[in-house]
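Below you'll find the structure, written out as structure tokens, and then a few comments.
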Amino acid sequence: MTRQPLPTIAAGARATKSIATCARLLALAGLDELLQGEGQYTLFAPTDLAFGELSPEVMAALESDRAKLRTTLEYHILSIDRELSQIRNGKVSTREGTLLTSSVTDGGLQLDHANVCGSSQRCANGVIHQIDAVLFPGFTPAPSTAAQDESPWSGRRRASRASNAIPRTVAQAAEALFQSSVSPLPIGPASR
């Protein structure tokens, strides 16, 4: 019995129904040619549900600007074949040229704000890992509410205390002067 040869990443993406939008956009951006080639790659492929989370305006903008589409999709590609077990906490270099943040959590692997989901697909020239969000270069996560809370370690104070500490305007300074328990020095001619 002969074994079927593994498909390339481009062919594997086209054959996987849950990432059909990603496969279509890879072809539109001209990246399917790269992913059919000889090199070894890792594709973090957003699912159709992930693309569905984007607004119609964002999708239309990506599809109409091929350079931006290519840049965005290159941010999902590593120029090296990496199984999930080989990816650690840290930064990984993308084909786009910037670094993607990877975090190993109890729930699995997270890339920026996307989680790896579904099963991985081994291909002749690398591997496809499905993710649950579309990644954009330059992503900066919003601080969590817990990170914004007051803490003895944060050096931040409650707004009510901090706003009284330093007046921001001349009017606030004057008001603070009249509300303080310390009597101000008299203004006028010096007493003799």
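Is at least one residue of segment 40-50 modelled with pLDDT under 95 and assigned to a helix (DSSP H, G or I)? Checking segment 40-50: not a single residue is modelled with pLDDT under 95 and assigned to a helix (DSSP H, G or I). Scanning segment 1-26 for residues that are assigned to a helix (DSSP H, G or I), in contact with a helix residue (DSSP H, G or I) (Cβ under 8 Å, 6 or more places away or on another chain) and not charged (D, E, K, R) yields Ala10, Ala13, Ser18, Ile19, Ala20, Thr21, Cys22, Ala23, Leu25, Leu26.
Going by what's in this entry, would Glu63 be described as modelled with pLDDT of 95 or more and surrounded by fewer than 21 Cβ atoms within 10 Å (Cβ to Cβ)? It is true that Glu63 is modelled with pLDDT of 95 or more and surrounded by fewer than 21 Cβ atoms within 10 Å (Cβ to Cβ).
Of the residues that sit in segment 71-91 and are of a type outside the set (Gly, Ala, Ser) and farther than 19 Å from Cys123 by Cβ, which one is farthest from the chain's Cα centre (by Cα)?
Here is the first cut: in segment 71-91, the ones of a type outside the set (Gly, Ala, Ser) are 71-78, 80-84, 86-89, 91.
With the extra rule that they be farther than 19 Å from Cys123 by Cβ, the set shrinks to 71-72, 75, 88-89, 91.
On the way: Thr71: 14, Thr72: 12, Tyr75: 10, Arg88: 17, Asn89: 15, Lys91: 12 Å.
This residue is Arg88.
Looking at this structure, is Ala29 surrounded by 13 or more Cβ atoms within 10 Å (Cβ to Cβ) and touching a residue at least 60 places away in the same chain (Cβ under 8 Å)?
Working: surrounded by 13 or more Cβ atoms within 10 Å (Cβ to Cβ): yes; touching a residue at least 60 places away in the same chain (Cβ under 8 Å): no.
No: the conditions fail for Ala29.
The values are calculated or read from the model by the stated rules, or taken from the named source; none is laboratory data. Because the structure is a prediction, the values reported are computed rather than measured. In this analysis, Cβ positions are derived from the backbone assuming ideal geometry, glycine residues included, and neighbour counts consider all displayed protein chains.
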